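Heads up: the structure comes next, in structure tokens.
The values are calculated or read from the model by the stated rules, or taken from the named source; none is laboratory data. Bear in mind the structure is a predicted one, so any value in this text is a computation, not a measurement. Note that we place each Cβ from the backbone using ideal geometry, even for glycine, and neighbour counts take in every protein chain shown. We work out accessible area using only protein heavy atoms, side chains counted, and drop any ligands, DNA or RNA first. Shrake-Rupley method; radii C 1.70, N 1.55, O 1.52, S 1.80 Å.
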Amino acid sequence: MIAYKQYIINKLYLGTLAIVSFLLFACQKKEEDPEVFNRKQLFTEDWKFYKNDTLNSLTEVLNSEDWRPIDVPHDWSIHQEFDKNSAAGIGGGALSGGVGYYKKSFNLPLEDSTRLYKIQFDGVYQNSEVWINGSYLGKRPNGYIGFEYDLTPYLHYGSQDNTIVVKADNSDQPNSRWYSGSGIYRNVWLKKLNKIHIPNWGTFITTPSISKEKALVNITAKIKNEFLEDKEIEVQITIFQDDQEIVKSETSALNITTNSEIGFNKELTIYKPKLWSIDSPWLYKAQIDIIQNKNLIDRFETRFGIRDFKFDFEKGFKLNGESLKIRGVCMHHDLGPLGAAINTRAIERQLEILKEMGVNGIRTAHNPPAPELLDLCDQMGFIVMDEAFDIWTTAKTKHDYSQYWDKWHEQDIADLIKRDRNHPSVFLWSIGNEIQEQWSEKGEKIGIELSNIVKSLDSKRPVTAGMNPPVHVSDKEVTIQFEETADKPNSLAGSGALDVIGYNYAHQTWEKHQLNFPNTPFIATETTSGLQTRGYYEFPSDTTKIWPVRWDKLFTGGNPDHTISAFDQVRAPWGSLHETSWKIIKKNDFLSGFFIWTGFDYIGEPTPYEWPSRSSYFGIVDLAGFPKDVYYMYKSEWTDDDVLHLLPHWNWEQGQTVDVWAYYNNADEVELFLNGESRGTRSKRDDELHVMWRFPFESGTLKAISRKNGQIVKETEIRTASKPAKLELFPDRKKIRADGLDLSFITVTITDAEGTIAPRANNQIDFEIEGPGEIVGVSSGDPTNHESFKGKSHRALNGKCLVIVQSTRQAGEIKISANSAGLESNSAVLISH
Ligand code: GAL
């Protein structure tokens, strides 16, 4: 909470300072080329899209009449029907891939013919091929990494248009775990550069020594000269702390020969540095100006943070000298109903919800994330484990990256490091997740190779991998044997390639880590895998269900409607209940922390169910962004906010035996009242994380009061709802920017006539919109719902549904209405400005 408030303060503060410093700066520098401020522009509007799986010739594709206008980022798979027979399978969310084409025409003024033009894609899924004016620029199989092409030699200036064409081929599926999305699903940038410039990912900033008094900042930059002559230039570095200039270097003069790239290095001192931390994520900016004949010809800005950290064998993780437990979650890259198409506000909302819960770490499972995620983690204060691969040479799904490994892995991992190494939020590089070769000699060899590549580009951050221990299966039992292979040669774990040993699951062996790996610190890279449907409960709540019983056995149990109890009582066989893993991490200082599988539900992998389920049950938060109850267990443990959360809802059969749980903190006891009558006071004993009451159900009001030293800390009440009567709408933001990108996430609840949420209402809700806005997503968090996420009607789940409204580029009032047969309609008004 504190951290989030700090983030909001920083945001406001930054905005004001940015204006002031821009004005100051604009007055100081006279001979600057205004184009340096346009060097990187979003190139995302006014594309055309054409989906066709069968055409081979580009001419045929270009001659088609079926191109339709779209903006990117765009994910065509999220618009498909859920299909049991989709090649992606339910692991991929039962949403198909295929082949899609994008094109965009643009015009360049004659006077720009002296410039260089580059196009940067932050990610195209997958097998992208790019042409400019009919000339082929190249192919990039990996759908998760960014890349750049030089357009300059092929461009027309003046009256003749340029056309860029992109093909994305996601037809051979399955090829990713889990839902990948298809197409140009991340941002595209057009760069207009001077022939002398700092190239893409061309800076690397480190802070080799940090104390309270001063920090040493080491800045390395590449500078490229694409002129046909040698040039004299000057390089000036200015450091800003939140856009306020604080250190200016002397200008250095350089000679750069024709068609060459040079390295430039400068070490600067910052006095009384403001350290980046999860509560106060202070950011600095290094502005590198290249000056030629007194003209500013290129400006490259790099954000960085000053912080010191260590994964310690005895003490766990330390940030700026202080112990900090990593309370992380794994996040898959999809954005629920928005699919894989990135939207900065949608990522920010996910992070806000997680921050409120007390999460301080994100693992980008299992691939390089969108750059915007890392920018937000820098600004909001998260510890990121940045993951490169889910596969090396041995396939996990039929058509996956293993087929491109030999040709591409060196470049893909190197590009990831170069792209992300300036982010203060990145603390760990993961070279792989549950890699099939991990316990073999091949795993050792590849692990060393990858680790060496990482170290050659960033010697500061530790390397890890998410390793699942060898499991021995007999007819009678399954045993996990990290001990057997631990720290032994001929495996990834024993290779020395890893600076931090990463455990996926195997919580039974965590406390033996120091025996098994006597030299290397610990991180639990993936844990838990609890399973829940939001708002659905089963009694008794204190029996554990392992679904499926074993990962290699077909799941035959479960509920006909594919629900799973939201009491923390169901888990996958390789994982644990939520409370189990956290208790172990909490009590052992040497365990630096963990990343729970998962923060949010994601599309695909509906373990333990098959079709008709199509998205996961693992999330602490559902696919629509509504927290499941266990969210409050973590919140009670990880934040200082007063928590008193009761579960389940209060609509049961009269006389039925029910369990009531409370998650609470900052108090010694909780007393529960049913219709005014005390049902007893409970306190958490030993390492307990919740309290429970059991008694026959009676409708009415259930009230809990938490007390500390006899003083009331918090009161919470839930009521029995009568029949569903009306809809209510709660936008997360009533004012949005009229930029065609901003979003308002509107929670729609179904309540009875008195306004009590109807916890079992699954009514169909129809949405209508008026004004300059668009409905871009609907979801209830129900993993079995087959209505399109892109529709305008959706069935609620347990009293709730989400509708997402996006602004257009026109300002005005947007009215969003929700209607449902037999219920009172309602609406909300948003201002887009
Ligand atoms: C892990 C795997 C994840 C996901 C998870 C589900 O083994 O790394 O991708 O499948 O299990 O529990």
Working only within segment 531-543, note down all residues that are open to solvent by 20 Å² or more (accessible area, probe 1.4 Å) and β-branched (Val, Ile, Thr).
Thr543
Enumeration of residues in segment 626-640 that are open to solvent by less than 10 Å² (accessible area, probe 1.4 Å) and either in contact with a helix residue (DSSP H, G or I) (Cβ under 6 Å, 6 or more places away or on another chain) or among the basic types (Lys, Arg) (or both)
Lys628, Val630, Tyr634
Filter result for the condition that a residue is farther than 25 Å from Asp75 by Cβ and in a strand (DSSP E or B), over Asn762, Asn826:
Asn826
How many residues, within segment 283-318, are in contact with a strand residue (DSSP E or B) (Cβ under 9 Å, 6 or more places away or on another chain) and under 30 Å from Thr520 (Cα atoms)?
14
Can you pull out the residues in segment 453-464 that are open to solvent by 10 Å² or more (accessible area, probe 1.4 Å) and either among the small types (Gly, Ala, Ser) or touching a residue at least 12 places away in the same chain (Cβ under 8 Å) (or both)?
Ile453, Ser456, Leu457, Ser459, Lys460, Arg461, Pro462
Mind checking which pairs have a first residue in segment 75-100 that is open to solvent by 10 Å² or more (accessible area, probe 1.4 Å) and a second that is part of a loop (DSSP other than H, G, I, E, B) and among the β-branched types (Val, Ile, Thr), Cβ under 6 Å, 6 or more apart or different chains?
none
Tell me the strands (runs of 3 or more DSSP E) entirely within segment 197-281 that contain at least 3 residues that are open to solvent by 50 Å² or more (accessible area, probe 1.4 Å), farther than 30 Å from Thr639 by Cβ and of a type outside the set (S, T, N, Q).
214-225, 244-248, 260-271
Mind listing whichever residues of segment 678-696 are within 18 Å of Lys635 (Cα to Cα) and more than 35 Å from the chain's Cα centre (by Cα)?
Ser683
I'd like to verify a number: residues in segment 512-532 that are under 30 Å from Pro548 (Cβ atoms), more than 16 Å from the ligand (Cβ to nearest atom) and at pLDDT 95 or above, how many?
1
If I ask for residues that are open to solvent by 20 Å² or more (accessible area, probe 1.4 Å), within 16 Å of the ligand (Cβ to nearest atom) and touching a Leu at 6+ places or on another chain (Cβ under 9 Å), which ones from segment 576-609 would you list?
Thr607
Flag for Ile383 being away from the ligand (no atom under 16 Å from the Cβ), among the β-branched types (Val, Ile, Thr) and surrounded by fewer than 23 Cβ atoms within 10 Å (Cβ to Cβ)
no
Pairs please, first residue from segment 406-430 and part of a helix (DSSP H, G or I), second anywhere and of a type in the set (S, T, N, Q), Cβ atoms under 8 Å, 6+ apart in sequence or on different chains.
Asp406/Thr393; Trp408/Asn142; Asp412/Asn142
Which ones in segment 345-367 are within 16 Å of the ligand (Cβ to nearest atom) and assigned to a strand (DSSP E or B)?
Ile362, Arg363, Thr364
Of the residues in segment 610-630, those that are more than 13 Å from the ligand (Cβ to nearest atom), assigned to a loop (DSSP other than H, G, I, E, B) and not β-branched (Val, Ile, Thr) number 12
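Listed here are the residues, each with its yes/no results for (1) over 13 Å from Leu646 (Cα atoms); (2) surrounded by 16 or more Cβ atoms within 10 Å (Cβ to Cβ); (3) not assigned by TED's automatic domain parsing to the domain that holds Glu45.
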site	(1), (2), (3)
Val660	no, yes, yes
Val691	no, yes, yes
Phe697	yes, yes, yes
Ile712	yes, no, yes
Restricting attention to segment 697-716, does a residue exist that is closer than 30 Å to Ala667 by Cα, in a loop (DSSP other than H, G, I, E, B) and in contact with a helix residue (DSSP H, G or I) (Cβ under 6 Å, 6 or more places away or on another chain)?
no
Can you list residue pairs whose Cβ atoms sit under 7 Å apart, with the first residue in segment 271-295 being more than 11 Å from Asp242 (Cβ to Cβ) and of a type in the set (Asp, Glu) and the second being open to solvent by 30 Å² or more (accessible area, probe 1.4 Å) and not in a strand (DSSP E or B)? Count only pairs 6 or more apart in sequence or on different chains.
Asp279/Ile2; Asp279/Gln6
Looking at (1) at pLDDT below 95; (2) buried (at least 19 other Cβ atoms within 10 Å of the Cβ), can you tell me which one Ile184 breaks?
(1)
Can we say Ser780 is within 28 Å of Ser613 (Cβ to Cβ) and open to solvent by less than 10 Å² (accessible area, probe 1.4 Å)?
yes
The lone condition Thr393 fails out of (1) open to solvent by 10 Å² or more (accessible area, probe 1.4 Å); (2) part of a loop (DSSP other than H, G, I, E, B); (3) away from the ligand (no atom under 16 Å from the Cβ); (4) more than 28 Å from Gly97 (Cα to Cα) is (4)
Output for segment 111-151, where each listed residue is among the basic types (Lys, Arg) and either under 20 Å from Ile417 (Cα atoms) or free of Cβ contacts under 8 Å to residues at least 60 places away in the same chain (or both)
Lys139, Arg140
So if I check each of Ile564, Ile546, which one is at pLDDT 95 or above, open to solvent by 30 Å² or more (accessible area, probe 1.4 Å) and within 16 Å of the ligand (Cβ to nearest atom)?
Ile546
Subset of segment 660-691 [touching a residue at least 60 places away in the same chain (Cβ under 8 Å) and either touching a Lys or Arg at 6+ places or on another chain (Cβ under 7 Å) or part of a loop (DSSP other than H, G, I, E, B) (or both)]
Asp687, Leu689, His690
